[in-house]
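Just below is one structure, and these are the notes that go with it.
The values are calculated or read from the model by the stated rules, or taken from the named source; none is laboratory data. Only a predicted model underlies this, so the values are computations on that prediction, with no experimental measurement involved. Virtual Cβ from ideal backbone geometry, glycine too; neighbours counted across all protein chains shown.
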């Protein structure tokens, strides 16, 4: 157990520099009409846990161990009817809200976007022009994709909806990690090491590593588990869909493994993403119903389409390619073998 005299070690991260260019803000497209000139559809995903993944919903429940002991667990589950067992069962999930937050953070890192994931006291430390969007008529790419929360009626739902990812192979386990401390306990604003003068240097991204061990017990999805998930999108441009592909770690020149959930500094949350299929809806005006003219892409055909969307995003200046390369270096698969930082976090 760490003593009061021990100083926390520096967590394993890099600061990905903000782009010098500022976000291209546009009006949100809304959800009342599917624009035939834009892309709407859904994506079916497979997620592979490369390290334990810990995501909790804040609810405690009592569960039984194989030895008959009762334990208090903190995790995320949904209830569904299992026809084989003939009863309702609880099924572990990665909440769609957690996946959405992780994906949004990656989009904000690699695209020209505002910065939402900071406390109010640190807005003054952001470079000029990167404060969060406040008007529905002026939204950066991340706020158009994932939504904007303002005051009064100044809110926007966003164009992407992410479902919970269900555990289909694997199990929950208890992992023990070091205790994690806030980087600036008892002080307002960002720590000095995050600043260049009075301005934030960039966005913090934690390295992959082998999981660190410590006294804190967490319920997590076991390494090598498989989950299935899906997200829906409406009225995206080809460039915006290209941003999403890159943020999932699927850019052919800048592949990486996203991090999801808690415990990122201590080696948790490394996830490999694969797209099983992408479905595009046809014209509702011509067919009279959504999905009647759905076109499904998978395998090499999907890779060709995705490459075109990525090139469009680059050509339109939506991607911060320097940040994308830096992010891919930090979240590279080869970093899974990095030794964890030793000491108190």
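Among (1) modelled with pLDDT under 95; (2) out of contact with any strand residue (DSSP E or B) (no Cβ under 7 Å at 6 or more places or on another chain), where does residue 213 come up short?
With (1) modelled with pLDDT under 95; (2) out of contact with any strand residue (DSSP E or B) (no Cβ under 7 Å at 6 or more places or on another chain) applied to residue 213, the lone miss is (2).
Can you find, within segment 228-271, the residue that is modelled with the lowest pLDDT among those that are part of a strand (DSSP E or B) and under 12 Å from the mean Cα position of the chain (by Cα)?
262
Collect the residues in segment 294-339 that are assigned to a loop (DSSP other than H, G, I, E, B) and touching a strand residue (DSSP E or B) at 6+ places or on another chain (Cβ under 9 Å), keeping them in residue-number order.
Across segment 294-339, the qualifying residues are 294, 298, 318, 320, 331, 332.
One residue is enough: does segment 137-147 have a residue meeting the conditions surrounded by 13 or more Cβ atoms within 10 Å (Cβ to Cβ), without any contact (Cβ under 8 Å) to a residue 40 or more places away in the chain and in contact with a strand residue (DSSP E or B) (Cβ under 6 Å, 6 or more places away or on another chain)?
Yes, segment 137-147 has at least one match.
Looking at segment 12-40, which of the residues that are within 21 Å of the chain's Cα centre (by Cα) and either part of a strand (DSSP E or B) or free of Cβ contacts under 8 Å to residues at least 40 places away in the same chain (or both) is farthest from residue 266 (Cα to Cα)?
Residue satisfying both the conditions and the ranking: 40.
Considering 288, 317, 343, which residue is within 29 Å of residue 21 (Cβ to Cβ), at pLDDT below 95 and either surrounded by fewer than 21 Cβ atoms within 10 Å (Cβ to Cβ) or in contact with a helix residue (DSSP H, G or I) (Cβ under 6 Å, 6 or more places away or on another chain) (or both)?
Unique residue meeting the criteria: 317.
Just the residues that are part of a strand (DSSP E or B) and over 14 Å from residue 50 (Cβ atoms), please, taken from segment 207-227.
Those that are part of a strand (DSSP E or B) and over 14 Å from residue 50 (Cβ atoms): 216, 217, 218, 219.
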